[in-house]
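Okay, structure first, notes after.
Read-outs: derived from the displayed coordinates by stated rules, not from any lab. Just so we're clear, the structure is a prediction, and the values are computed from it rather than from any experiment. Cβ sites come from the backbone with ideal geometry, for glycine too, and all protein chains shown count toward neighbours.
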Amino acid sequence: MKQAVVASTINPITKASSIMHKTGLALVCVLVAAYFVAVPVANAQAADAMAVRGKRLYENRGCKSCHGIGRKMIAPDLMGLEQRRSKEWIYKWLKETDVMIASDSTAMALVQEWNGARMPKQRLTDNDIDAMLAYVRAQETRIQAGK
Ligand code: HEC
């Protein structure tokens, strides 16, 4: 009985504010949850879009006629590229291929390994390279998944 009396003495405004507080909290939780679902999805979609752009580049710029991904053609297999070369090296190679061949020890060793073949100078932008790497990554994932 005592409790009921205490409860009935609670100011209705306090009650309403408590309900609103709880609703607000629930809403925040839903939004936070939605964020953690939506952001990875959006990121995955952005990565997909990059990979599609990269694929186009890879085909249009002729990379495809010399390089394979997951197979050896007349130039290094690009599978595992990011594991064996630093990002910095890859960007420099794809922007100043000729300078690299003339000055970088890894590049010189590659030319030797590929019997003196010299990759034609590429002038890719950072964004092109990002897209190309996204495509290589997507192909690696596809191959590793056995598809
Ligand atoms: C005419 C053939 C040819 C074309 C076209 C070509 N490459 Fe190459 N690429 C080579 C050769 C050969 C090498 C090995 C280094 C050398 O001998 O110049 C190489 C090396 C590389 C490497 C370094 C590989 C490693 O293991 O470190 C990357 C990355 C690369 N090429 C990416 C590309 C991309 C991206 C394109 C297209 C924009 C492209 N290449 C176009 C022939 C080619």
Pairwise label distance in nanometres, residue 123 with residue 26, each label 7 Å out on the Cα-Cβ vector | 6.1 nm
Say the dipole of the stretch 2-144 comes from +1 at the beta carbon of Lys and Arg and -1 at that of Asp and Glu; which of 79, 25, 141 then lies farthest toward its positive end?
-> 25
Have a look at the chain and give its Rg and Dmax from the Cα atoms, expressed in angstrom.
-> 28.0, 96
State to the nearest 20 debye the size of the charge dipole of the chain about its Cα centre, where the only charges are +1 on K and R beta carbons and -1 on D and E beta carbons.
-> 460 debye
Rounded to 10°, Cα long-axis angle of helix 12-60 versus longest principal axis of the chain = 10 degrees
Using r as the Cβ-Cβ distance of residue 141 and residue 113, and R0 as 22 Å, what FRET efficiency do you calculate, to the nearest 0.05?
-> 0.25
Describe numerically, in nm with one decimal, the distance between label points set 7 Å from Cα along Cα→Cβ at residue 61 and at residue 16.
-> 6.3 nm
Divide by every residue of the chain the summed helix terms, -39500 (n - 2.57) for each DSSP H run of at least 4, and state the resulting mean residue ellipticity at 222 nm, rounded to the nearest 500 deg cm²/dmol.
-> -23500 deg cm²/dmol
Which residue, chosen from 69, 49, 90, occupies the Cα position most advanced towards the positive end of the dipole of the chain, where the dipole is computed from +1 (Lys, Arg) and -1 (Asp, Glu) charges on Cβ about the Cα centre?
-> 49
Taking neighbour Cβ counts within 10 Å as the exposure measure, how do 21, 67 sort from fewest upward?
-> 21, 67
